[in-house]
Each structure stands twice: as C-alpha cells, then as structure tokens.
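Visitor: The structure is given below, and queries will be raised subsequently.
Every read-out reported here was derived from the displayed coordinates using simple, explicitly stated rules and does not represent laboratory data. Note that the coordinates shown come from a computational prediction; the quantities given were computed from them, not determined experimentally. Quick reminder, even Gly has a Cβ in these numbers, built from the backbone with ideal geometry, and neighbours come from all protein chains shown.
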Amino acid sequence: MYILGLFNVPWWLFWPIFVVLTFIVYSKYKKSYFSRRGIPGPKPALFLGNISAIGKQGLNNFDRKCADRYGPYFGSYYGNHPVLVICDPDIIREITISQFSKFYDRADTIETPKRWRDSLNNAKGMKWKYLRSIIQPTFSSAKIKKMRPILKRCLNDFISCLDDKLDDTENHVIDIYKMYTALTMDIICSTAFGIEVNSQKNADDQFVKNASKVLGVGITSAVIFLNFLFPDKALRKIIMFLSGDWVDKDAMKFLTETVRQAVKVRKEERSSEYHDLLKQMMDTQKMSVEHGISEDKSFEEMKNDGMSDEDIIINGIIFLAAGYETTSSLLSMATHSLAAYPDCQNRLSSEIDDVIGQRDDAISYDKILSMEYLGMFLQETLRMYPPAGRFNRQPNQDVEIKGLKLLKGEDVAFSTHALHRNPLYWSEPDRFDPERFASHSKDAIVPYSFIPFGAGPRNCVGMKLASVEVKMAIVRLLQHSRIERSSNFSVPPEITIKGGILRPKDGLFVKVVRR
C-alpha cells in the first residue's frame, strides 16, 4: 500500500503505524488545552505530560517551582489529563466558600468504579451531602471526648511496644513511622468500628498490609495510567469496564469481609452501647427494600430510605484505609520536627509538664486543647508537611474568578505545598517557626493560605479527630521519652508521596531516650 503515493508499506505494518500516528496527534491536541486558553505552565512531554517531572522532583517541589515561575495558577498534565493548579488564596476562598454551590464535587481525575462512587470521598451532589450529614456527627467534640478510653488504651500499647523495641535495640534507634502506622490503624478501627485489631503487637497484622494495598495506589498502576492517557469519559468507561478496578482484589476482599462481619455482629447484638461511625451509619437503615444511596434520589429520599449494607461497607473501607495514612504521616512529620528542632521539643516538654505532668491518665481532651504551644507546633508541622499535597474540585458550570475562566467539568486542584511555602504569604517559608501561629501573630496569616485539611464544607471530615489523636500521641511520647537525631537523620526530611499522601521516603529513624 502506498502512503501519499511515496512509500510502499505492507498492510500488516500500515495499521500499527496508523494507530501510533493517531495517538500522537490525539496526545498533541490534548496537551494544547492550556496553551489554547492562554494559561501558563511547564511544557508537557508527548505521552507522559508532566508525570516524569513530578516523579523526579516530587509533587510538592514540582508545584512549588511552578508557582514560583508561573504565578497564582498554572496548567499541568497527568499524561493527557489536564489539571489546573491554583495557588491563590482568594481564588481558593471563592471556590470553597463563596461559590461552593458551583464547585460541589471533587474532580474526575480518573474514572471511578461504581462502588467507590458511593463513598464520602467520591460521592457527588446530594449523595455527598447526605453522606456528610450522616458521618460528620461521629467527629463532634462530644463524641471525641467519649473516645478518650480507647485512645488511652491504644497509646499505652504504643508506649509498651516502644519500650520493647528500646530493650531490643542497643543504640535505641527505631523506625517510628512503622510504629505510627500500626498505632493509627488500631485507633481508627477502635474509634470507628469497635474492632480491636492489635496491629501494634502483631507486626504481621493483615489490617495494615491490606489497607496499605488498597490506599497506596499511585500512577504506576496500569489502570490509572491508562485513565491519564485517555481522559475522554467514553474511553475511560471502556478501560474501567475491561479492568474492573485498580486496587488489589485480595486486599479489597479482606477489608470488605471484615467490615461486613462487623455489621453482622452489630445486627445480632442489637446493642446501644456503641457511639461510633458504624453505629451512625447503621442507625440510618430502614426496613424499606428501596434502602441505599443513589444519584437518582433526592436528599429527602435518601434520608427516608437510609444506607444499605454495601454503602456502609465501602464507606467503612474508606475510613479504614485513609484514616490511618494521613494521621501516621502527620505524626511522623511532627516527630521529625521534635528531633530536628530541640528547642521546640524542650518548650513543648515543659508545657506538658506544667499542664499535664507525667501521669498518662491525666491526659484529657480539654487539657490537650488548652495547650497553646502544642497547637502552634502542630500547625507549623502541618504548614511545612501537609499530608495531602493537593485537593481538587470540579465546576458544574463555567465560572470566572479574578479574570480566570474555570470551565465546567475540568479538574481544578489546590496545591497545599505551593501555598504553605509561598514567600508572598509566609516570611522565610522554609524555616520551622511555631510562633507564626501564636495568638499575637496568627492574625497576620493570609486567609486560605493555610489549608492542610482542605477548606469549606467539603474539607476533611475527620480533621478534628486526627488533630486530637496526634496531640495525645505527642504528649504521651514526650512524657516517656526525648527524641533525638539518628546518624541517618536528614533536615529537611526525605519524603515521598504515594496514593496522594506524604510519608517518609524510607521510614523515619530517630533515637529515643527514656526520660
């Protein structure tokens, strides 16, 4: 066969060449999305977009460099999928607060399987509003106060395991990040579902392993990568139809059966002693055969029908998986800061001695909230090392904010790192300084330049519990120990982002000295 009358190409070779050329044209067109709109941004590679640059630099550094170079917003690409990244507090305030009704939903960065669309993280419209109304009361101050005995037990187990490790280690250098993942898994299972998994005392516990497999899916997943290469909704639906899901099937099955069993036991017990997330969801259930959430139902219809067992299971898995990763990340970065800045640790230890003392049973919700320097220290840790690097939203109509046109259906992301390290809003942004959040200086903080848990009605539903959990853990740790740098300790820390969550790259090894 002759092409353009010049080249004689056999039929068997023509079609592969045609497919490759077609994809090149398709990819080039997709990557002209932002240039056609006059939005600046780094030049994308033909097939990968900016994925390679993000992989080399890390998402946080990539966003920060782009914000420094291109200003308050820039265009980037996951493969052929365009992401408009916002680094301007005023625009973020408009999106998350003032015009929230136009940005109700999280963006479709990838095609989400049906079961995940019924979770709070991925639900849209009235479905999200209904789920939020059910789940949010679990994390009220009154409910968190009632969790104190559970937190105390889990933290006592943590100190016991820490002592065992110190007895077995001559130089007293341990990977405390690994311990935190077990601690936070125990806490989230106990506080949300009344399940005692004892991850801390069983290093091979299946909860941690399977939750990590479900949550820790990154762009190396073939299914997700194909979603990035073919961002058109019709093509994504075909990809997901052929693949089914992007998570480990065995891990998903394990978590599904665990939550299903917890629901079954609760139904058999018919006990009223629980006050956790599982009870909140199960209390919605009615005898109606129409029970369950759906895009086709109004808020009132879902309220009348309640959640199905499958709705409860998928939302349970989201909290089992996500609830421990973000908190273990924050605990790790707080501990790194303790070792990196001994003066801060000294001041914090003094505050603990003054307010609480050395008795673990003296730790209470009210005392934790009264500790000003502890709050300042944690907020500065969140500024420097926010667990989530980006949050996103999706306009449900075309909107213009500060001269920037946001188009219906596009992926609009906020970069926490680019905001938190921007010299326009923070003096000496790379310096760890809890005094930024002192009562006499925090009024100078530019609103919406600090969004570690997101912003607006769709912020992190569990942020209050995560904050209390981390504060109690830090207090209990410093009652027991002093944290020092190990020989392979680095400042700044070596971090990576997997599954969208920041974590120490190869663990966090610190020297722990008993007080």
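Visitor: Compute the length gained on full extension between Glu484 and Asp353: take 0.36 nm times their separation in residues and subtract their Cα-Cα distance, giving the result in nm to one decimal. Walk me through the numbers on the way to the answer.
Guide: On the way: separation 131, 0.36 × 131 = 47.16 nm, distance 1.90 nm.
Gain on extension, Glu484 to Asp353, equals 45.3 nm.
Visitor: With the contact rule set at Cα under 8 Å and sequence spacing of 6 or more, what percent relative contact order holds for the chain? Please report the intermediate quantities before stating the final value.
Guide: Numbers: 758 pairs, mean separation 111.2, N = 515.
This gives 22 percent for the chain.
Visitor: Continuing with this model, one more query. Where nothing but the Cβ of Lys and Arg (+1) and of Asp and Glu (-1) is charged, how large is the charge dipole of segment 71-222 around its Cα centre, in debye to the nearest 20? Present the calculation step by step, with values, prior to reporting the outcome.
Guide: Numbers: 21 positive and 18 negative charges, 212 e Å.
That gives segment 71-222 a dipole magnitude of about 1020 debye.
Visitor: Can you check what the net charge comes to around Ile445, using other residues whose Cβ is under 11 Å from the Cβ of Ile445 (Lys, Arg +1; Asp, Glu -1)? Before the final figure, lay out the partial values.
Guide: Working: positive: Arg383, Arg436, Lys442; negative: Asp443.
Around Ile445, the charge tally is +2.
Visitor: Can you work out the base-10 log of I(q)/I(0) for the chain at q = 0.10, 0.11, 0.12 1/Å, using the Debye formula on its C-alpha atoms alone?
Guide: Debye output, listed in q order: -0.84, -1.02, -1.20.
Visitor: Using the per-residue mean of other Cβ atoms lying within 10 Å as a proxy for protection, in what order, highest first, do the peptides 165-171, 57-63, 375-381 fall?
Guide: Details: 165-171: 11.0, 57-63: 20.1, 375-381: 22.0.
So the order, starting with the most tightly packed, is 375-381, 57-63, 165-171.
Visitor: Need one word for segment 268-417: rounded, prolate or oblate. Basis is the Cα gyration tensor (sqrt eigenvalues a ≥ b ≥ c); a/c below 1.5 gives rounded, then a/b vs b/c decides. Intermediate values should be presented prior to the final figure.
Guide: Working: a/c = 3.03, a/b = 1.34, b/c = 2.27.
Here segment 268-417 falls in the oblate category.
Visitor: Go through 149-156, 222-229 and give me the packing order, highest mean Cβ count within 10 Å leading. If you can, show how the numbers build up before the last one.
Guide: On the way: 149-156: 17.9, 222-229: 19.4.
Descending packing order for the listed peptides: 222-229, 149-156.
Visitor: How do 276-285, 455-464 rank on mean C-beta neighbours within 10 Å, highest first?
Guide: Answer by packing, highest mean first, reads 276-285, 455-464.
Visitor: Which of the helices in the chain meet the span-like rule: DSSP H, Cα axial reach of 24 Å or more, Kyte-Doolittle mean at least 1.0? Each step should come with its number before you reach the end.
Guide: Details: long enough: 11-30 (29 Å, 1.07); 148-168 (30 Å, -0.39); 176-193 (25 Å, 0.95); 249-269 (30 Å, -0.90); 309-340 (46 Å, 0.73); 463-480 (26 Å, 0.70).
Membrane-span-like by this rule: 11-30.
Visitor: Continuing with the same structure: What percent does the relative contact order of segment 407-476 come to when contacts are Cα pairs within less than 8 Å and at least six residues apart? Mind dumping the intermediate values first?
Guide: Working: 26 pairs, mean separation 16.0, N = 70.
Relative CO of segment 407-476 lands at 23 percent.
Visitor: Roughly how many debye, to the nearest 20, is the charge dipole of segment 134-179 about its Cα centre, given +1 on each Lys and Arg Cβ, -1 on each Asp and Glu Cβ, and no other charges?
Guide: 720 debye
Visitor: Let me ask another. Do the sum for the chain: with -39,500 (n - 2.57) for every DSSP H run of n ≥ 4, divided by all residues, what is the mean residue ellipticity at 222 nm, to the nearest 500 deg cm²/dmol? Let's see the in-between values first.
Guide: Working: 22 runs with 260 residues, N = 515.
Helix-only estimate at 222 nm: -15500 deg cm²/dmol.
Visitor: Please name whichever of Trp116, Val259, Thr22 sits farthest to the positive end of the charge dipole of the chain, dipole taken about the Cα centre and charges placed at Cβ: Lys and Arg +1, Asp and Glu -1.
Guide: Value: Thr22.
Visitor: Now for a separate question. Assign unit charges at the C-beta atoms only (+1 for Lys and Arg, -1 for Asp and Glu), then state the dipole size of segment 31-514 relative to its Cα centre in Debye, rounded to the nearest 20.
Guide: 1160 debye
Visitor: Continuing with this model, one more query. What distance in nm separates the simple spin-label points at Arg37 and Arg148, each placed 7 Å from Cα in the Cβ direction?
Guide: My value for the distance between the label points is 5.0 nm.
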